[in-house]
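Each remark here refers to the structure printed beneath this line.
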Amino acid sequence: MDEIITYPACNPEFMSLLDILRAALSGKGEIRQQNFAPVIAEARRQTVDGIILSFLAGKSLLPPEEKMRAIARILALEKANTTANQHVVLLVRLLEANGIRHAVMKGQTVARFYPNPQLRIPGDIDVYVAERDFRQACLLLEEQGYTKTDFTMLHATYSKKGCTEVELHFAVQKLQWLPHFRSLQRITRKNVDNAKPHYTVIAGERIPVLPPCMETVLLTVHAFNHVLNGGLGLRQVLDWMLGVQCLEKDIDKTALVTMLADTGMTKMFRTLYYICSRHLGMSLDATAWNSTGLLHVTDKDEETGRKLIYWIGEAGNFGHSLNLSKTQYYLLFLKNCWRFRRLNRKEMFVYPFMKIKRLITGENHLRK
């Protein structure tokens, strides 16, 4: 797995970025002096520039002026993460004081898997709220001066001046094939709604998060959805890789195999493992995973992985840099459903029909 495979179709800046990320996160590979400006620009497009800048500056590979800009960017990231962490703490205090069963997910909770959590680019605050408490949680935020800016069939979005945007989820993620979606809901109720809370520590306070198996499933489904919608960026790939590595010893691997099978995510897991182990230096205890088959990468997994790494390089984080028109977006969505159909054939079959249904009805995401 130490051999690096390159693809002529991928831009050289993206391939150099993979090499530097591999060196920064696993210590594998040697990075030589070069003009890093194009690679840093690509890292920004993939929303992983914090890791790259810290590594290059720490290795004295940047000219003095570029090093100063890198340090300024790192300091700004640290400040943004500190602020986001404080907002997470305040939100959790509010929900816990009112007996709301919840779990903070993605974002600041995933940052704990990074060697330096302050280098992950922060976003909004995603919080799963048990169905029985969802309405009360929404009312609580409104009482605190938050304004509801969006309500989809997955979450409600709240904004408040001076605060990080909050998404209250009544489903951890969306899946279009109803049996998969219902399985994900059932798994969530069993492992979150009706289970003892699982905690991590952020900014010195206990924060409820998803348990290890559930966290792994979420990161896998989240990456899968971005393959089709907008674009899968390296930040989501790193979230998955670092999460699985850090949680490895705590994951009930037998339970995980069942959860991935029930949600149709087994091939997505294996494909992500192929990409991360081949390009980013991911390392897992093969003996511990041997009976699961999840690390058994087939030729078809590799073929899908090659297509996916190209798409990651092309799209960047959420595909924002593609600047697609609405027509182009939907045509690309259909293309992705076809070229990545092997990841989950049932999802790829039903997804276009669900898009049409929502276009006609004005709905977004699946109802329970």
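With the full set of protein chains in place, find how many percent of the accessible area of segment 174-235 is carbon and sulfur; take the probe as 1.4 Å. Here carbon and sulfur together make up 53 percent of the probe-accessible area.
In the list (1) 142; (2) 193; (3) 167, the label attached to volume of the Cα convex hull per residue in Å³ as derived from the coordinates here is (1).
Using a cut-off of 29 Å between Cα atoms, the listed pairs LYS196/LYS357; LYS148/LYS174; LYS79/LYS326; LYS160/LYS335; LYS148/LYS249; LYS106/LYS253 include LYS196/LYS357; LYS79/LYS326; LYS160/LYS335; LYS148/LYS249 as exceeding that distance. The residue among GLY58, MET282, ILE360 whose Cα reaches farthest toward the positive pole of the charge dipole of the chain, with charges on the beta-carbon of Lys, Arg, Asp and Glu, is ILE360.
When the solvent-accessible surface of protein heavy atoms is calculated with a 1.4 angstrom probe, in what order do TYR330, TYR274 fall, highest first?
Of TYR330, TYR274, the descending order of accessible area is TYR330, TYR274.
Surface analysis of segment 90-181 yields an accessible area of 40 Å² per residue, using protein heavy atoms and a 1.4 Å probe. Note on the chain: GNM, Cα springs under 10 Å; of LYS346, LYS161, LYS174, the largest mean-square fluctuation is that of LYS161.
Of all aspartates and glutamates in the structure, those lying under 16 Å Cα to Cα from LYS355, and not within fewer than 8 positions of it along the same chain, are GLU347, GLU363. 3J(HN,Hα) along segment 271-282: 5, 5, 4, 4, 4, 6, 6, 7, 10, 10, x, 4 Hz, from the Karplus curve 6.51 cos²θ - 1.76 cosθ + 1.60 with θ = phi - 60°, whole Hz, x for Gly and Pro. For LYS67, a cut-off of 17 angstrom between C-alpha atoms picks up these lysines, skipping any fewer than 8 places away in its own chain: LYS59.
Ranked from largest to smallest solvent-accessible area, with a 1.4 Å probe on the protein heavy atoms, ARG45, ARG32 come out as ARG32, ARG45. DSSP assigns beta bridges within the chain; of those with both partners inside it, close to 75 percent run antiparallel.
For LYS190, a cut-off of 19 angstrom between C-alpha atoms picks up these aspartates and glutamates, skipping any fewer than 8 places away in its own chain: GLU131, ASP133, GLU215, ASP250, ASP252, ASP262.
Note that segment 73-85 has calculated 3J(HN,Hα) couplings of 5, 5, 5, 5, 5, 4, 5, 5, 5, 4, 5, 4, 4 Hz, one per residue in order, obtained from phi through the Karplus relation 6.51 cos²θ - 1.76 cosθ + 1.60 (θ = phi - 60°); glycine and proline are x. Specify the longest stretch of the chain that does not include any exposed loop site, a site being one of the GluC sites (Glu not before Pro) with a non-H, G, I, E, B DSSP assignment and at most 15 other Cβ atoms within 10 Å. With a cap of 15 other Cβ atoms within 10 Å, the longest stretch comes to 31-362.
The values are calculated or read from the model by the stated rules, or taken from the named source; none is laboratory data. Since this is a predicted model, take the numbers as computed values, not measurements. Backbone-built Cβ (ideal geometry, glycine too); neighbour counts: all protein chains shown. When the accessible area is computed, the model is the full protein with side chains, heavy atoms only, and any ligands, DNA or RNA have been set aside. Shrake-Rupley method; radii C 1.70, N 1.55, O 1.52, S 1.80 Å.
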